[in-house]
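Read through the structure below, which is laid out as structure tokens, and then see the notes.
Read the figures in this text as sums done on the coordinates, not as results from a lab. As the structure is a prediction and not an experimental result, all values here were calculated from the model. No Cβ is skipped: glycine too gets one built from the backbone with ideal geometry, and neighbour counts run over all protein chains shown.
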Amino acid sequence: MNIVMKYSISIILIALIFFFSCSSPTPKDLLKESIIPKPTSVIATNSSFLLSEKSGICYEGSSEEMGSVAQYLADKLRPSTGFSLPIQSVSQQPGSGNIYLVLSSDNADLGNEGYELEITEDLVTIAAQTPEGVFRGVQTLRQVLPAQVESNDLQEGPWEIATGKITDKPVYGYRGAMLDVARHFFQVKDVKQYIDYLAAYKFNALHLHLSDDQGWRIEIKSWPNLTEHGGSTQVGGGEGGFYTQEEYAEIVNYAKDRYMIIIPEIDMPGHTNAALSSYAELNCDGKATDLYTGTRVGFSTLCTDKEVTYQFIDDVVRELSEITPGPYFHIGGDESHVTPLEDYIPFVNKVQGIVSKYNKKVIGWDEIANATLLPNTTVQYWAEADNALKGVEQDAKVLMSPATRTYLDMQYDSTTQWGLHWAAYIEVDEAYNWDPASLVAGIGKENILGIESPLWSETITNLEEIEYMVFPRVVCHAEIGWTDKSNRNWEEFKVRLGNQCKRFEAMGINYYPSGFVPWN
Ligand code: TNX
């Protein structure tokens, strides 16, 4: 080899080394990321952070709870990136290339759930007042990584994140979904899967509709026939099922680890055929009814003037409250068409007393506002604005679940395979384009606890069908509950939503590919 060749090879080598060691980060624009719910503020600095096999997840301090949030993040990122992402407790800001979770009180304005996510070329930092805030920030971090990060299988990178700073907090403190496990029963693993989906969009409450005419789904040790008999079937005559108290506790804990509370609902005095068929004494005529597997509503009622009815309710509320750490107990109260109003009102008054005796706050469907509400009772508006207004007059808070906007069992249009349409067909734009604080004259932001999206399951039998009815509408509701009205706009939202489809696909979600959304 002559000297010229040797010289050229060295130059090429040096150039290559230089290229690989100092290759500058790809410019990326944080403002172009399709984050849902839309954050309060995003500042872009137009460079990128590269997550690599050298990255770790560091959290400040020795708090076990912060360690769990770090673990949750690691569990999300490891399968798709293939990186080991070791978790480490640190006492100061870590070096370059890491993710850093920190409790910081700099910004008191963030409240319980707010967070700041700062991405520089060197470090990703999520700072919040509480581990819960950090957890919400982790959901945003997932969404600024490439969509394949959501896959359970190894994916190719590069795992670049646009640099900048996101400051974020929710408008409403309660952002919920309801699952009807009574009309059709869903296994614990399906409920957990649903919780995971909801957590990704920053929901913090799951309301379980645990009893109805067609089935009783939660073990009550002092009234065992409720599940033994009352849980033995479902709509259409299938085998039904129920959660043991241990399984329910497992759901509660799974939700808790994702900063979601469970709201148990025992619907009464109507929607109680499963109980009435399990215990003869709960009927006014002392005769047990037959099990029911149809879909009619409004034909059943507990006997409101029997003492045993209140002993029964006391036992149920006591046992269920003991295994429910969240502050709420939902007493139903809807569609009690065969309970005369003069019986319904004292019934609801008494039941509120039982619930508060066990230190829970009452939630009930809007009809309960006909009774005298205890302070701290919440009225869930679903059908009758006048009822909700009666609640507001009594200083109750309102949980917004207008059937025409939030009912996830309503069909998208007349061709939708599952669901009902008694309230409306709800296309994706209809699900998005409304504001809780201006829907009903007389119900303003100060009266509203939050929003909740119910999925009734008369026609829904498995997780795939749940997914189809829920996605993408529940994502619209996630943004309504989190993002200020001034920051929401359908034309802009639908583009962000369209960009979520890669994430839905990576998560394996069977979503409805609405023609109103520019899927990308
Ligand atoms: C009305 S919404 C009901 C439910 C049904 C639902 C079907 C409410 C409080 N009651 O019992 O499942 O419609 O969409």
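Assorted remarks:
- Whether segment 222-345 is rounded, prolate or oblate, judged on the alpha carbon gyration tensor where a/c under 1.5 counts as rounded: prolate
- The spacing between segment 204-234 and segment 487-515, judged by their C-alpha centroids, is 35 Å.
- Which of L276, W422, S24, positive extreme of dipole for the chain (C-beta unit charges): S24
- Positive-end extreme of charge dipole, the chain - chosen from L320, T309, F347 (charges on Cβ): L320
- Cβ-Cβ FRET estimate between L439 and R296, R0 fixed at 41 Å, reported to 0.05: 0.90
- Rough spin-label spacing in nm, given labels placed 7 Å along Cα→Cβ, for T244 and D196: 2.4
- Cα-based shape type of segment 129-196, given that a ≥ b ≥ c are square roots of the gyration tensor eigenvalues and the cut on a/c is 1.5: oblate
- For segment 282-324: rounded, prolate or oblate by the Cα gyration tensor [a/c cutoff 1.5]: oblate
- Measuring spread by the Cα atoms of the chain yields a radius of gyration and Dmax of 25.8, 109 Å.
- Evaluated on segment 69-214, the Kirkwood hydrodynamic radius is 16.9 Å, with distances taken between all distinct Cα atoms.
- Within straight-line cross-link reach of K390, aspartates and glutamates at Cα separation under 16 Å, skipping those fewer than 8 residues along the same chain: D334, D366, E367, E446
- For segment 311-364 versus segment 122-166, the gap between their alpha-carbon centres in whole angstrom: 41
- Basic side chains Lys and Arg get +1 at the Cβ, acidic Asp and Glu get -1 at the Cβ, and with that the dipole of segment 263-330 about its Cα centre reaches some 220 debye.
- Shown in residue order for segment 127-135 are the 3J(HN,Hα) couplings computed by the Karplus curve 6.51 cos²θ - 1.76 cosθ + 1.60 at θ = phi - 60°: 10, 8, 6, 9, x, 4, x, 4, 4 Hz (x for Gly and Pro).
- Computed from phi, the 3J(HN,Hα) profile of segment 369-382 under the Karplus parametrisation 6.51, -1.76, 1.60 (θ = phi - 60°) reads 5, 6, 8, 8, 7, 6, x, 6, 7, 10, 9, 8, 6, 10 Hz, with x in place of Gly and Pro.
- In nm, spacing of pseudo-spin labels at Q417 and D315 (7 Å Cα→C-beta vector): 4.3
- Karplus-based coupling profile of segment 498-503, in residue order and whole Hz: x, 6, 6, 5, 5, 5, with θ = phi - 60° in 6.51 cos²θ - 1.76 cosθ + 1.60 and x standing for Gly or Pro.
- Test item: Cα-centred dipole of the chain, Lys/Arg +1 and Asp/Glu -1 on Cβ, debye: 1540
- For segment 185-254, a Kirkwood radius taken over Cα pairs fed into Stokes-Einstein (20 °C, viscosity 1.002 mPa s) yields D = 167 µm²/s.
- Take the Kirkwood radius over Cα pairs of segment 374-498, plug it into Stokes-Einstein at 25 °C and 0.890 mPa s, and you get 162 µm²/s for translational diffusion.
- Chain lengthening between T120 and N152 when straightened (0.36 nm per residue, less Cα-Cα): 8.8 nm
- Sequence of R136, R488 once ranked by neighbouring C-beta atoms within 10 Å, starting from the fewest: R488, R136
- Among T295, T309, the ranking by other beta carbons within 10 Å of each residue's beta carbon, starting with the fewest, stands as T295, T309.
- Within segment 236-267: backbone nitrogen closer than 12 Å to the K221 label point (7 Å, Cα to C-beta): 245-246
- Of Y243, T45, G61, farthest towards positive along the dipole that unit charges on Lys, Arg, Asp, Glu beta carbons give the chain: T45
- When +1 charges are put on Lys and Arg Cβ atoms and -1 charges on Asp and Glu Cβ atoms, the dipole computed for segment 134-208 relative to its Cα centre reaches about 420 debye.
- In a fully extended conformation the segment linking E464 and V495 would gain 8.7 nm over its present Cα-Cα distance, using 0.36 nm per residue.
- In the structure shown, the pairs K32/K361; K28/K189; K165/K502; K256/K350; K32/K202; K169/K397 are assessed against 32 Å; a Cα-Cα span above that value is assigned to K32/K361; K28/K189.
- Summarising the label geometry, the points placed 7 Å from Cα in the beta-carbon direction at S52 and R78 lie 2.2 nm from one another.
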